[in-house]
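The values are calculated or read from the model by the stated rules, or taken from the named source; none is laboratory data. Worth saying up front: this structure is predicted, and the values here are computed from it rather than measured. Neighbour counts run over all protein chains shown; Cβ positions are idealised from the backbone, glycine included.
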Amino acid sequence: MRKIVGLITMLFCASVVTAQNIDIIINAAEVERIEKTLSADDMQGRRTFTPGIEKAAAFIADEFKKSGLQTFKQNGNYLQSFNMVRAKFISASANFDGNEIDTKNIIALTCKPDLLINEKSGYELVRITKADNFNTEARKYSSMAKNYVVLVDSSYASNFSRLIRLKSSMFQSENSVIFILSQAIPSKFTIQSKHEISTQPLSNVVGIIPGKSLPNEYVIFSGHYDHLGMDSKKAVNNDSIYNGANDDAAGTTAVMLLAKYYRMMNNNERTLVFAAFTAEEVGGFGATYFSKQFNPEDVKAMFNIEMIGTESKWGANSAYITGFDKTDMGTILQKNLAGTSFNFYPDPYPDQNLFYRSDNATLARLGVPAHTISTSKMDSEPNYHKVSDEIGTLNIPNMTQIIKSIALSARGIISGKETPSRVDVSALK
């Protein structure tokens with residue numbers, strides 16, 4: 001009996017200590033401090049390729065350093081820098097065994113301004129057949145470090161032009177992938193393309209806490225720190241700065257405080273990765289590049305946090321999870337909050353396809369239980385993408401509670417005791 005009483009006492013004490021620790025780190029004053037800094041006018045709306053976003057990146061990196069996070073791959077820099085490549089199409093042509101291919105049936109993903117290849121160029125010839133998952137296969141080939149000519153079955157003719165979106169996955173790569181809509185498998189071919197290539201530097205901000213017993217299993221916490229910048233032509237009451245307090249300084253604030261909290265707890269068995277993404281507003285380039293640094297099978301969960309500064313449609317102490325039905329991750333999180341007043345709900349806006357519209361999408365398409373947590377009322381968010389998205393419009397106490405709830409609900413996943421089911425990629429055909 002004494003042993004049972006002792007065990008209960010220990011568990012109670014541990015619960016009290018956890019609650020005290022979380023309040024020390026994740027509290028309204030800290031939430032307001034970080035949020036206020038990120039959404040301040042001197043950040044100039046954090047538009048990509050501006051001094052404002054560089055200032056924001058430096059602030060986030062400094063906070064990661066103060067929290068005691070390690071740099072990604074121990075490279076000594078919290079900035080994960082890369083070049084975004086823009087390839088402006090000029091022309092393309094192809095000939096299969098003497099037959100010309102219509103230009104509209106050619107999509108070249110390349111960073112080379114002039115590309116000319118044939119069957120002797122060393123490109124692997126592969127097919128996407130009628131029986132394959134079109135989206136999964138196309139993304140697979142576009143993300144691999146090899147040169148491919150991908151023959152796409154004509155049954156995908158209506159979807160073929162969508163492959164142009166995969167150009168966002170090209171980052172100063174030496175590899176090229178050419179998609180050809182064709183039933184024929186050529187023995188001889190010539191493919192040529194011309195693009196005007198430009199590059200621009202970008203940086204995610206990334207820090208990690210290595211796992212104790214499962215260092216090669218990753219749990220990711222992310223949000224995007226870029227926003228729309230300034231536009232004097234659309235000034236409202238002399239205000240031309242799109243501060244982006246909710247979108248997504250709020251999510252970035254959450255990531256920074258979760259990093260600080262978990263570092264203080266120092267009990268994660270899996271490796272925790274904290275990422276502030278750039279260039280979400282211009283095409284998701286930051287998240288796409290970041291995702292390429294991982295084997296998807298090694299990523300056990302991704303918590304992408306976007307726009308949590310206002311109350312959800314259910315009011316305070318609630319948030320929704322996009323793609324709730326895609327895995328059992330939402331069920332796991334809610335179970336770990338049993339006995340609290342907080343609730344996670346399924347995404348109430350399924351018609352907007354939010355699961356594949358945010359920075360979780362790249363890894364989700366590869367099977368990772370990668371979900372976005374949000375409170376944004378997508379049918380009635382009055383300050384979305386407006387200069388009025390300022391800190392004064394946010395509910396800081398509620399936002400604080402959301403961040404705490406994410407921290408507590410993820411305990412089983414970061415400890416390695418709980419692993420969400422994977423996304424069924426066969427449904428993406």
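When I209, I128 are checked against the criterion of being touching a residue at least 40 places away in the same chain (Cβ under 8 Å) and either of a type in the set (A, V, I, L, M) or buried (at least 21 other Cβ atoms within 10 Å of the Cβ) (or both), a single residue qualifies: I209. The residues of the range 352-376 that are charged (D, E, K, R) and touching a helix residue (DSSP H, G or I) at 6+ places or on another chain (Cβ under 7 Å), listed by number, are D359, R365. Do the conditions hold for V255, that is, is it outside any helix (DSSP H, G or I) and β-branched (V, I, T)? Criteria not met by V255. Residues in the range 36-53 that are under 28 Å from S198 (Cα atoms) and in contact (Cβ under 8 Å) with a residue 24 or more places away in the chain: M43, Q44, G45, R46, R47, T48, F49, T50, G52, I53. Checking the structure you have, find out if any residue of the range 402-422 is modelled with pLDDT under 95, assigned to a loop (DSSP other than H, G, I, E, B), in the same structural domain as M307 (by TED's automatic domain parsing) and closer than 30 Å to R165 by Cα. No, the range 402-422 contains no residue that is modelled with pLDDT under 95, assigned to a loop (DSSP other than H, G, I, E, B), in the same structural domain as M307 (by TED's automatic domain parsing) and closer than 30 Å to R165 by Cα. Every condition in (1) closer than 30 Å to N204 by Cβ; (2) outside any loop (DSSP other than H, G, I, E, B) is met by L125 except one, and the failing one is (1).
Somewhere in the range 214-226, is a residue touching a residue at least 24 places away in the same chain (Cβ under 8 Å), of a type in the set (D, E) and assigned to a loop (DSSP other than H, G, I, E, B)? Yes, because at least one residue in the range 214-226 is touching a residue at least 24 places away in the same chain (Cβ under 8 Å), of a type in the set (D, E) and assigned to a loop (DSSP other than H, G, I, E, B). The helices (runs of 4 or more DSSP H) falling completely within the range 269-374 that include 1 or more residues that are basic (K, R) map to 329-335. Looking at Y356, Y384, just one residue is free of Cβ contacts under 8 Å to residues at least 40 places away in the same chain, closer than 23 Å to G284 by Cα and either buried (at least 16 other Cβ atoms within 10 Å of the Cβ) or within 20 Å of the chain's Cα centre (by Cα) (or both), and that residue is Y356.
All of I180, I191 fail the test of being modelled with pLDDT of 95 or more, under 30 Å from the mean Cα position of the chain (by Cα), assigned by TED's automatic domain parsing to the domain that holds I101 and not in a loop (DSSP other than H, G, I, E, B), apart from I180.
Residues are listed down the side, and each one gets a yes or a no for (1) surrounded by fewer than 16 Cβ atoms within 10 Å (Cβ to Cβ); (2) closer than 30 Å to V205 by Cβ; (3) modelled with pLDDT of 95 or more; (4) acidic (D, E):
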| position | (1), (2), (3), (4) |
| --- | --- |
| S91 | yes, no, yes, no |
| N95 | yes, no, yes, no |
| E100 | yes, no, yes, yes |
| T110 | no, yes, no, no |
| I117 | no, no, yes, no |
| S121 | yes, no, yes, no |
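Exactly one residue among K65, K104, K140 is closer than 15 Å to S193 by Cα and part of a helix (DSSP H, G or I), and that residue is K104. So in the range 359-378, with the set limited to residues that are within 16 Å of S318 (Cβ to Cβ) and surrounded by fewer than 22 Cβ atoms within 10 Å (Cβ to Cβ), which one is modelled with the lowest pLDDT? Top of the filtered list is M378.
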